[in-house]
Amino acid sequence: MSREIVLSLSGAAASYGGRPVLSDVDLEVSVGEKVAIMGRSGAGKSTLLGLLYALRPEAIALVPQAAALVRPLSVFHNVYMGRLDRNSTIANLRTLVSPRRQDIVEIGGVLRTVGLADKIFESAGALSGGQQQRASVARALYNGRSILLGDEPVSALDRVQGAEVLALINRNHETVVTAMHDVELALEFCNRIVVLESGRKIIDVSSKDLSADRLIAHFGAAI
């Protein structure tokens, strides 16, 4: 049975300041896959996600590292940015001053799914780290595209909250690729595990073929 490939890298490499960050990485992602990108800090996970995003930015909802919210703006306006490119400049400027009731209701519904409905008109900068991360996820959900890339999308949440958010992401996005460090969550919510070490891909297998002990033993506490 043939797979529909939606993202594909062949021999991908990247360096910063002359220092190699990724070296000769091949990666194909098919429709419906839920892929965890794992590895030690500095292994190249964020760089790999960046290369994947550059392939099809118009088709991807993104949860960037550290939430990347515009702190002075409201949570509503930050989530609204998920569809900024699908509205006219005039409509976006009007929304900045006077949002439409339809948009308020729709975004409020998305925020309700991540437990932030009561924060809709608070400034993003007033939120806690975990709340900012959930607002960033809400922006990607509101974006609505079938592919989601997330750079540590639940790192600021406890395991219960993280599981809830990952389940929400999986329900709303057909294909998901996330950089993660939590072994248990990766094995529970992803059907494929890719591990990087020093910029090279060293593991790329179905999550059914891996155990938490194998991953933890391989990386110790540094994953």
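Yes or no, residue by residue, for (1) among the β-branched types (Val, Ile, Thr); (2) exposed (fewer than 12 other Cβ atoms within 10 Å of the Cβ); (3) outside any loop (DSSP other than H, G, I, E, B); (4) out of contact with any Asp or Glu (no Cβ under 6 Å at 6 or more places or on another chain):
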| site | (1), (2), (3), (4) |
| --- | --- |
| 84 | no, no, yes, yes |
| 91 | no, no, yes, yes |
| 95 | yes, no, yes, yes |
| 99 | no, no, no, yes |
| 103 | no, no, yes, yes |
| 108 | no, no, yes, yes |
| 111 | no, no, yes, yes |
| 118 | no, yes, yes, yes |
| 132 | no, no, yes, yes |
- Note on the structure: Filter the stretch 57-71 for residues that are out of contact with any strand residue (DSSP E or B) (no Cβ under 7 Å at 6 or more places or on another chain) and closer than 15 Å to residue 145 by Cα; the one that is surrounded by the most Cβ atoms within 10 Å (Cβ to Cβ) is 57
- Message: Can you say whether residue 62 is at pLDDT 95 or above and more than 15 Å from the chain's Cα centre (by Cα), as far as the supplied structure shows?
- Response: no
- When you go through (1) surrounded by 19 or more Cβ atoms within 10 Å (Cβ to Cβ); (2) modelled with pLDDT under 95 one by one for residue 189, which number turns out not to apply? (2)
- Every listed condition ((1) crowded, with 21+ Cβ neighbours inside 10 Å; (2) not in a helix (DSSP H, G or I)) holds for residue 49 save (2)
- Looking at this structure, is residue 176 closer than 18 Å to residue 29 by Cα, touching a residue at least 40 places away in the same chain (Cβ under 8 Å) and of a type in the set (Val, Ile, Thr)? yes
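The values are calculated or read from the model by the stated rules, or taken from the named source; none is laboratory data. Nothing here was measured: the structure is a model prediction, and the numbers come from that model. A quick note on method: Cβ atoms are made from the backbone with ideal geometry, for glycine too, and the neighbour counts reach across all protein chains shown.
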